[in-house]
Amino acid sequence: MLSDVEAKELLSFLTLNTRPDLKGQATEYILGLSGNRDGCRYLQSKPDFLKALVTLTTDPSIAIVKDCYHSLINLSADETMHQPLVKDADFLPMLFTNLLDPEFMFADRICTILTNLSRHVKTCKEVFKAMQEQEIGLTQIVEIFCTEGYNKQVSLHYLGPLLSNLTQLPETRHFILDRERCVVQRLLPYIQYEASTIRRGGVIGTLRNCCFDHAHHEWLLSDAVDILPFLLLPLAGPEELSDEENEGLPVDLQYLPEDKKREEDPDIRKMLIETMILLTATKVGRQFLKAKNTYVIMREFHNWEKEPHVAAACEKFIQVLIGDEPEPGMENLLEVEIPEDVAVKLKDMDAKEQEQLEKDQEDLLNPDKPQQCAGIVRMM
């Protein structure tokens with residue numbers, strides 16, 4: 001890494017008044033540092049470099065601003081950098097101000113940074129607090145997300161994962177589940193938003209988190225929201241069902257065409273299943289999903305699914321759909337207290353199951369081919 005003398009010299013180039021060519025070389029060097037763990041750790045110990053990057057996001061050179069935002073994306077992807085970034089008094093306010101600007105060309109990069117920073121509850125709270133201090137409400141975020149072409153230069157797809165992360169907080173879930181605001185109803189169509197996996201996944205993650213609040217299950221399943229067809233349709237295929245099976249399904253799931261395709265992303269398929277599993281945590285939810293012939297769709301889906309971790313989630317869901325009702329006093333599965341010894345056994349079983357799933361998945365892959373893991377957003 002740089003010596004103190006070299007660091008001081010590099011920092012002197014990271015100013016708005018520096019000659020553009022020198023400034024460009026300096027921001028390129030910082031971008032390279034931010035692209036690996038050791039470089040991030042080094043920059044963590046140099047808060048002046050972080051301040052300089054934030055300042056240079058206002059530089060007249062688009063290339064320099066682009067490098068600065070790419071560096072900030074990389075830094076925000078490193079969990080150890082979260083606190084230094086959110087504690088910078090100018091950082092989050094700058095991000096939100098520019099995010100709301102319908103002509104700001106780097107708004108997508110801002111969405112990515114905010115998504116990275118809000119992954120963990122502690123910094124998610126900091127992001128939410130900054131929104132409030134800037135007098136930016138969740139209403140504005142949802143409005144921007146649901147307004148096609150709000151910013152004609154960018155897609156703003158990463159507002160979906162940002163919303164999903166923010167629903168870790170009860171304040172956000174309360175807002176989205178407010179029956180007078182109709183936020184859930186506005187988000188539901190994006191479950192089938194073909195143009196972006198990121199946007200689809202963000203919305204489904206948002207709805208899944210909201211389903212942890214079991215008091216709203218009956219409302220979500222009622223005609224006021226009618227969430228079940230939206231969750232089931234992406235998992236339904238072109239298989240021919242009997243008239244009796246079709247008639248028991250929600251109308252949108254009946255007699256699907258021969259070219260009907262399922263959701264292509266396995267992680268999204270798994271989230272859809274997890275959301276429905278949460279809805280079966282209450283007796284009213286279980287009875288509703290069973291009455292709507294959900295099992296028929298999941299039976300065909302299980303026959304089709306090839307990803308082990310998704311198939312395992314499907315099997316758990318099917319067990320709930322075909323299983324007997326829990327004993328009296330244990331109808332709400334989200335409120336059942338599990339004895340400590342049982343919890344340890346369940347944890348051990350889950351670990352063994354996960355290990356077996358990973359082994360099964362490895363067997364399906366070419367062992368000589370390096371695999372790329374999906375994870376935190378990082379740019380080079």
key: Count of residues meeting criterion [open to solvent by 10 Å² or more (accessible area, probe 1.4 Å) and in a loop (DSSP other than H, G, I, E, B)] in the range 261-302   = 8
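On the basis of being in a helix (DSSP H, G or I), free of Cβ contacts under 8 Å to residues at least 24 places away in the same chain and of a type in the set (D, E, K, R), does Glu148 make the cut?
Here the answer is no, as Glu148 does not meet what is asked.
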query = Scanning for something under 29 Å from the mean Cα position of the chain (by Cα), among the small types (Gly, Ala, Ser) and modelled with pLDDT under 95, does the range 58-75 turn up at least one residue?
reply = no
request  = Answer with yes or no whether Ala63 is part of a loop (DSSP other than H, G, I, E, B) and open to solvent by 20 Å² or more (accessible area, probe 1.4 Å).
outcome  = no
message = I want to confirm something. Restricting to the range 169-195 and keeping residues that are open to solvent by 10 Å² or more (accessible area, probe 1.4 Å) and assigned to a loop (DSSP other than H, G, I, E, B), which single residue is nearest to Lys125 (Cα to Cα)?
response = Asp178
Lone qualifier among Leu156, Leu114 - being of a type in the set (A, V, I, L, M, F, W, C), under 17 Å from Gly202 (Cα atoms) and assigned to a loop (DSSP other than H, G, I, E, B) = Leu156
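Residue-wise test of (1) of a type outside the set (Asp, Glu); (2) modelled with pLDDT under 95; (3) open to solvent by less than 50 Å² (accessible area, probe 1.4 Å); (4) under 21 Å from Arg299 (Cα atoms).
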position	(1), (2), (3), (4)
Val203	yes, no, yes, no
Thr206	yes, no, yes, no
Cys211	yes, no, yes, no
Leu220	yes, no, yes, no
Leu228	yes, no, yes, yes
Ala236	yes, no, yes, yes
Leu241	yes, no, yes, yes
Leu249	yes, no, yes, yes
Asp259	no, no, no, yes
message = Suppose the filter is open to solvent by 30 Å² or more (accessible area, probe 1.4 Å) and closer than 30 Å to Ser164 by Cβ; does Met1 pass it?
response = no
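The values are calculated or read from the model by the stated rules, or taken from the named source; none is laboratory data. Computed from a predicted structure; not experimentally measured. FYI the Cβ positions are ideal-geometry reconstructions off the backbone, even for glycines, and counts take in every protein chain you see. Ligands, DNA and RNA are stripped out before the accessible areas are found, and what is left, the full protein with its side chains, is counted by its heavy atoms. Shrake-Rupley method; radii C 1.70, N 1.55, O 1.52, S 1.80 Å.
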